[in-house]
Amino acid sequence: MSNGTAINPKDTAAGSPTQSQLLPKDLVIKTVLIPVDGSAHAHKAAFIGANIAAKFGARVVLLHVMLRHVSFAKIYDLAEKQKGPADVLETLNAISEPIVYDAGLGAAGPISPIVPTEVLIKMGWRVLEVEQGTVKAQGVNAVSLVMEDDDPAEKIIATANKEKADLIVMGRRGLGAFRGMLSGSVSTKVSHLAELTVISVT
């Protein structure tokens, strides 16, 4: 079972404990894993995780699990915010019209467009590149970028094991309202199943 800790960045103001003070005193940190999905919570996690890594002289592994279960609208908003490749927005604009299905017996309704895998890949690398800049700005030079595709919680735990991470710093919630990469259920699952310290950032 992991040592799960929740951090609100506002709690690190003057007079409050710092991130490093909230960690076990005997903890040795050589590798920090930070899952990112482009959300505000994930960005805060990248900032906090990078600060911890800088204090310990650790390397950072940034992980992005492809956004298979995030709505088209949220992916489109993310593409605009991240200012990714022009062809990504062109592709999203081309498929932005909902498809109307007819199930018979007068039942009909719209189907949200499915984002092509190649777009999700480009979006993922853009998210990783943006947060790589966040991490390096905190003084961490050893940064690895990893992209995976499948169940987010399982991939986070598997990557932590593969990279021999000593600490996971992740946002408590992300883009997905229910099944997105960093939904509340994902952070909860990781906190319960990971065999290392997990910090959830709110």
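Ser183 versus (1) surrounded by 22 or more Cβ atoms within 10 Å (Cβ to Cβ); (2) modelled with pLDDT under 95; (3) in contact with a strand residue (DSSP E or B) (Cβ under 9 Å, 6 or more places away or on another chain): which is the lone unmet condition? Status for Ser183: all satisfied but (3).
I'm trying to understand the selection: among the residues of region 156-180, which are modelled with pLDDT of 95 or more and among the charged types (D, E, K, R)? Matches in region 156-180: Lys162, Glu163, Lys164, Asp166. When Glu80 is tested against (1) in contact with a Ser or Thr (Cβ under 9 Å, 6 or more places away or on another chain); (2) at pLDDT 90 or above, just one condition goes unmet, and that condition is (1).
Rundown of residues vs (1) in a helix (DSSP H, G or I); (2) over 20 Å from Phe47 (Cα atoms); (3) out of contact with any helix residue (DSSP H, G or I) (no Cβ under 7 Å at 6 or more places or on another chain), yes/no style:
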{"site": "Glu118", "(1), (2), (3)": "yes, yes, yes"}
{"site": "Glu129", "(1), (2), (3)": "yes, no, yes"}
{"site": "Thr134", "(1), (2), (3)": "yes, no, no"}
{"site": "Val140", "(1), (2), (3)": "no, no, no"}
{"site": "Val146", "(1), (2), (3)": "no, no, no"}
{"site": "Ala160", "(1), (2), (3)": "yes, no, yes"}
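The set of residues in region 42-65 that are within 10 Å of the chain's Cα centre (by Cα) and crowded, with 21+ Cβ neighbours inside 10 Å comprises Ala42, Ala45, Ala46, Leu62, Leu63, His64, Val65.
Annotation note: Cβ proximity below 6 Å between a residue of region 77-92 that is in contact (Cβ under 8 Å) with a residue 24 or more places away in the chain and under 19 Å from Ile114 (Cβ atoms) and a residue that is buried (at least 17 other Cβ atoms within 10 Å of the Cβ) and among the aromatic types (Phe, Trp, Tyr) (sequence gap 6+ or interchain) occurs for Leu92/Tyr76.
The values are calculated or read from the model by the stated rules, or taken from the named source; none is laboratory data. Since the model is a prediction, treat every value here as computed from it, not as a measurement. Reconstructed Cβ throughout: ideal geometry from the backbone, glycine too, with neighbour counts over all protein chains shown.
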